[in-house]
Structures are given as structure tokens and as C-alpha cells.
Amino acid sequence: MKKLALFLVSFIFFSQISFWYSKTDLSLFYSKLHSQIEIKAKNDKSVTKQYLEKVDIILNKALNKTKNQKNKEVFQELISLNNKTLLKLILDKENNNLNNNQKPNNPSYINSLTSNWYKFLNTNSNLEFVENNITYKITFKRYYEVDLSNYKYFLNNKINNWLIIIYNWNYIITNDYQKRQKYDNLNIYKEFNNFLDLENPYFIENSYYYTYKYSNYIFFENTNYLYKQDLIQNWIDPKTTLLIKDFDKYYFAKKYDKIKLVSTNTIENITNKKEFLYNLADDNKYIIWDYENILKDIKKDTLNLVSQAKTQDEKIKLIYDFVVNKVKYNFDYKNWNKEVFSWVLTYKNNSWVCDWYVKLFLYMLSFAWVNDVEIKRWFAFDSADFPNYWHAWIKIWDYYYDPTFEDTIKTWDEILYYYYKLSKEVMYVDRFDWLSIPNHLKNLSFDKRKELVLKNMYEIYQDNRNYKILNKVKNKIFLWLNYDEKITLNSLINKIWISEVREGSFYYNSMKFDIKSLWFYVLNDENIDFILSNTFLNLDQDVYLLKWYKPDWSFEYRLAYDVIFY
């Protein structure tokens, strides 16, 4: 017995400082313990019963001493396992020839018990019952299973306050039980002073929209069986805790703030109201003053800008141009200067990062009554910062827009519309939404990722050749080169006509052309692939390859465009 007690005390001490256990672990532990007891008792059931009763005393003492919820769960589970074994020994006696699992419908022995002095309760398979339109659950520690073999024992041992519970044709008798109130979607809201439904997390008070910002929440995995006792055990006070409902799940936040967003008048009648408020709430983490006037300025600018527009597409293009032309990308984001993450400050300073390009775009589109607008995130994998920094773009109806990337490729402040009104197939040649990014992509080098983008462009080019963004591969395809081949001077010279220029003139089809002005790139093997893969120049259009002779009769190759002749 000393070895047994030492074994128990060692386990109890270990459980106080460690959380390695699970119900399976405990079952295995108890099975081992019970085997040791039976060996010690040499299969004497009366001695085994005495040992288990002492085990019960030790476990209950430990349960009463511990303050940690996890440890309490351990001891309660062990006590339950021990009671099941102990009570089976108590009731395993006369009428051994009867089937102990016999559960006839409406057995007479149950009727005789309930008609005499036992209370009676009928529950479902989850031990739940309804009383005064409120659902409760019965929980118990020590209990007996009643059947034909033992009901006379209870009939002859009348004890006050015992309860018979019937569920799934099982008959349980206990005097150690608790009644726990179950919450449903209606009565749990009545308990809490503050609650938030994530399906619609914005509410109106005194003509203003509000929401909650929260942290350090508690989550119950199975909220279909959430009881008042669960809240009490986790020190959740309905008066001071925020209840958060996410479809059929509940979260309980003890630290939270009520956030004032915007007046109902400012965003009256706008479309995309839910998306608008979601992003406004997200902005709030960087804003520490009343920004109502800034929003009113944006609304005023938007309505003036689109006042003459006749179609939704005209509105979108006017706002796209405004956003791309108004602001410059701020590369200081790596220093986490919070000012670049505030759309209020960046609207004033004309300096942004991607999320605030698209947020301004969203706000203005909403004020212009363009509907079905959504901000998409997260990764453009041909970015040098991938996967450490995410990216954002806009979806309107079934088309995609990226004002951030558009701004970075402007030439002489001219918008090229490479990232304007793209199909999903074209937009997603270099990006993934957050949940769909493949892990292997994160380990590729920057050059390999850029090569993968070119490969994707090659695959979709034939069906999408009218999109300007695919000009990156158009010249290679025109030269019959593979996506991973470099353009060289020789590959270019062998594919397109070369005109020799001397003193500003050249001959083409026996005609002399005198050049008045031109724009050009001087080509060599080091720069030609970059120039033809990253500019708006298309070899199958008004572009000339010129072998340009200098006064000393040396020459250079020029790729000329916007050529004007006398």
C-alpha cells in the first residue's frame, strides 16, 4: 500500500506542474494503477474495493487543494474513472445469472422506484432537459447504473435527495449532481452588456457608427454546449466582458475598446457600406484623432471628380487616375513608421503604401456609388520583399485593379494602364490570396519567382494578348524565344529589319528617310533583355532597329520610337 500511495502522490505532484495529460493518458494511467491494485489484492474484490476507496480520498483531497483549472480537470477525470470501477464492485453481486446490460422498455423496477420515493428525470443523450423553456444539463460525479440485478438494493436503501436519470435506455441513480443552465443564441445575449456579431460588427449609437476593438479573448471549441458554469469557471463576468459571435462560435474578450468610426450622415446612401466600415475600423489603429473632416473632404473631391461621368466605368477610370497621380509610394514602410500606415496622414502628405492606395480607391468608389468593391490581399510573389510583406489590390465586379503597381511603372507621369481592369487570370499571374499560397513558393529565389511569372504569362498570352501587362513577354514571343531565354543583339538582328543611318538619313524600300527627331535606347547584350522585357515598346509596331553611324564611322545599335521625319 505504501508503494501505491507513493505512486499516487508522485503523479499528483507531477500533474500540478505539467500539462502533458489527455483523457487517453489518464485512462491508460488508471488502467495501470487498477492492475497494480488487483495484483496487490490477489483478485480479492473486497480488498480491491478498500484500495479504491482510499484512492478516492487521496484524489478528492488533491482536487480540493489545487487552484489551477487544468489540474482540476485531471483530478475530476481520475475521480470519475475511479468511481466507475469502485461502484461496479459495490453493485456486482446477487443475480449474476441476469444480463446486467438488460434495458427493457419501461421496466417495472424503475416504476416501483419512482412511485415510492426517488425523483425522476428524463433527459436526451447529452443529459439535457428543458424546464420553464430553459435547457439544462445534469452533471454528476458518483452514480450507480440501475438494472434488474441491483434495483432491490436501492429499493431497500432509501436515501434522501437521490435522483433517477433516464437517457438512451440507461438508468442512472445519483445523489451527487448539478443542474447547469445551457445558453442558446437568444438568452446568452441577454446576459451580456456588450456583444458583437461578426456578421455585422457595426452598430449605430447617437447617429454614429461604432465597433469594438478587442484582444486576449477566450474561445470555447464546442459552443453548442456552452453553460453558465463554463463562464464562472473561466472568470467571465457578463457585465464587463465582450461577447463576440462568429456564426456558431463564441469568443469572450476581457480587454476591449468601443471605437467611434463615422457619422451616419457622412456615409449615408453609399454602397459597399460593410466593406467601407471594415477598412475604416482597420485604419483606426493608426488614427488618434477625429478624422470626420478628412472623410468629408474625400467625399467632396469624389463627387466633384465624377460629376460629369455618365457611366460606372468612367467613374472608375477618373478615380483610378486620381489615386495613381495624387500620391507617391513611400519606401519607408520597412522602418514601420506608422504615418505611412495611416490613410489620413497619407492623404494629407501624398505618401502611401499599397494598402492605403486601395483604401482611398475604395472610399472614393463608395462615395461615387460604384458597387461590389472589395479589397483583396495578400502576396505578389515577384516582389523583392515576398513573403515578408503583403500586398493589396482592388476587385470591382469581376475585374481587378492595382493602383500601387501602376504608380511604380509610370513614365513621365503618364499612366500606362498595365494594372487597370484585368481579368482574374491575368492579375493572378504573379499573386495569391492569403489562404491559397503554396509553401514551396516561399523558398524560391527572387530570380526564380520572376521567371515563374514569365512562364505564367506565356501560358495565358494567346487568349489575353490585348492586356498591356503581357507586353513583358510579347517581344520574346515575337522573336520565337522561350520564356527563360535572354534576348540578345543577335536574336534581334536575325528577326527584324535593320536600317543603316548615316548623317540622319536611311533608305527603306528604295526610299530615303530624313530623321527630324526620335526617342531611342542604345542597345547592347547587357541591357537589351531588360529594355524589351520591361518597357512599353513592341517590336511588331512603330519601332525601328537602327545601325547608327557616328562621324568617326563607328556605330551603335539604337531601338528608336516616336520617330518624326522631315
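Here is how the numbers come out for the structure above:
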read-out: Neighbour-count ranking [beta-carbon atoms within 10 angstrom, fewest first] of VAL429, VAL522, VAL543, VAL262; value: VAL522, VAL543, VAL262, VAL429
read-out: Net charge of neighbours whose Cβ lies under 15 Å from the Cβ of ALA309, counting Lys and Arg as +1 and Asp and Glu as -1; value: -1
read-out: Listed residues VAL262, LEU198, TYR250: farthest to the positive end of the dipole of the stretch 187-263 (Cβ charges); value: VAL262
read-out: Cleavage-rule hits, trypsin sites (Lys or Arg not before Pro), the stretch 230-320, DSSP coil, Cβ neighbours within 10 Å at most 10; value: LYS239, LYS310
read-out: Neighbour-limited loop hits for GluC sites (Glu not before Pro), the stretch 197-258 (at most 11 other Cβ within 10 Å; DSSP other than H, G, I, E, B); value: GLU199, GLU221
read-out: Net lengthening on full extension, TRP553/GLN36 (0.36 nm per residue, minus Cα-Cα); value: 175.7 nm
read-out: Under 11 Å, Cβ to Cβ, from GLU205 - net charge with Lys/Arg +1 and Asp/Glu -1; value: +2
read-out: Within the stretch 466-531, chymotrypsin sites (Phe, Trp or Tyr not before Pro) in DSSP loop having at most 11 other beta-carbon neighbours inside 10 Å; value: TRP480, TRP497
read-out: Violating pairs (Cα-Cα greater than 20 angstrom) within the set LYS317/LYS395; LYS472/LYS516; LYS455/LYS495; value: LYS472/LYS516; LYS455/LYS495
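Here, each number is a calculation from the coordinates, and none is a lab measurement. Because the structure is a prediction, the values reported are computed rather than measured. With ideal geometry, Cβ positions are generated from the backbone for all residues, glycine too; neighbour counts draw on all protein chains shown.
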